[in-house]
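Heads up: the structure comes next, in C-alpha cells.
Rule-based calculations on the coordinates, nothing more; no lab input. All of these numbers come straight from a predicted model, not from anything done at the bench. Heads up, the Cβs are rebuilt from the backbone with ideal geometry, glycines too, and the neighbour counts pull from every protein chain shown.
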Amino acid sequence: MHEGRLTPGQLQAWALNRYYYQSRVPMKDAIILSRSEDPGFRRAWRKRIVDHDGQANDGGLECWIQLAEATGLPRKRVTSCAEILPAVRYAVDAYLALVERGTLLEAVASSLTELFASRLIAVRLDALRRHYPWLQAGLGYFEARLSQAPEDARFAFEWVCEHARTREDQELAARALIRKCDILWTQLEALYFAYVEPGWPPPGAFRPESP
C-alpha cells in the first residue's frame, strides 16, 4: 500500500475486511466502559465511542464506509459483512473476547497499539494521497485519527502505568498488548494470503473484479 503497488481490487478487499474491525471498535470500547466502576474513567473512555459512532452519521465508522465507497464498493456490500475473510472475523471476535474476559488492566493495555498509530497514519495518508488519488474523498477517517489517536493513547498509557504497580501486573499488560498486535497481524496475513500471494480467497469471501 505505502509503495503504491496495490490494485484497486486489493484496496477494496482491504477496506471491506477492515470495516469488520472498525465496526467492532465501539463495541469493544463499550465493553471496557461497562467494566469500570470509576466515573472519571468512564467519562474519559466514552469519548472513544462518540469519536467512532459520531453524534449522527459523522463519526469514524461512517468515515470508514466513505473510504470503502471511494474504492468503488457499494455501502450495503461493506456493512453487511457477508464477504469478510474467516480469519479476519475470527481475529476481530478474539479481540472482543480479550476485553470481555480478561482483566480491566488487560483490556485497557490492549488499546496501546495507538501509541504507534499517529506516525503510521501520517505515513499512510501521504501514501494514499500520492498513489491512490481517487481515494481523496474517503480519507476523513485517517485525518481525524491524527489528533484522536495520540490523545486516546496518552490517557490509556497513563492509566496502565498507574494501575500496573506490580511486576505481575506489568507483565500482564505487556502480554495483552502483544496479543492485540497478534490480532492485527492475523488480519494482515489473512489479507495478504487471500489477495496478494498466493491470492486464494476462500469460498464466500470477497473477490475483486480487477486483477
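Considering Ala82, Ala144, Ala127, Ala117, the condition of being farther than 27 Å from Phe193 by Cβ and not β-branched (Val, Ile, Thr) is satisfied by Ala144 alone.
Checking Ala205, Ala173 one by one, the residue that is more than 19 Å from the chain's Cα centre (by Cα), assigned to a loop (DSSP other than H, G, I, E, B) and crowded, with 18+ Cβ neighbours inside 10 Å is Ala205 and no other.
For Arg124, the stated conditions hold: it is surrounded by 13 or more Cβ atoms within 10 Å (Cβ to Cβ), among the charged types (D, E, K, R) and within 30 Å of Arg46 (Cβ to Cβ). Restricting attention to the stretch 1-47, the residues that are over 20 Å from Arg129 (Cβ atoms) and part of a loop (DSSP other than H, G, I, E, B) add up to 3. Evaluated against (1) touching a residue at least 60 places away in the same chain (Cβ under 8 Å); (2) surrounded by fewer than 17 Cβ atoms within 10 Å (Cβ to Cβ), Leu112 falls short on exactly one condition, (2).
Within the stretch 122-170, the set of residues being within 16 Å of Ala70 (Cα to Cα), in a helix (DSSP H, G or I), among the hydrophobic types (A, V, I, L, M, F, W, C) and in contact with a helix residue (DSSP H, G or I) (Cβ under 7 Å, 6 or more places away or on another chain) comprises Leu125, Leu128, Trp134, Leu135, Ala137, Phe142. Out of the residues in the stretch 45-62 meeting the condition of being of a type in the set (A, V, I, L, M) and surrounded by fewer than 18 Cβ atoms within 10 Å (Cβ to Cβ), tell me which one is nearest to Ala107 (Cα to Cα). Per the criteria, the residue is Val50. Look at (1) more than 21 Å from Arg48 (Cβ to Cβ); (2) in contact (Cβ under 8 Å) with a residue 24 or more places away in the chain and you find that Pro133 fails only one, number (2).
Of everything in the stretch 79-94 that's small (Gly, Ala, Ser) and crowded, with 17+ Cβ neighbours inside 10 Å, which residue is nearest to Cys181 (Cα to Cα)? Across the stretch 79-94, the extreme among qualifying residues is Ala91.
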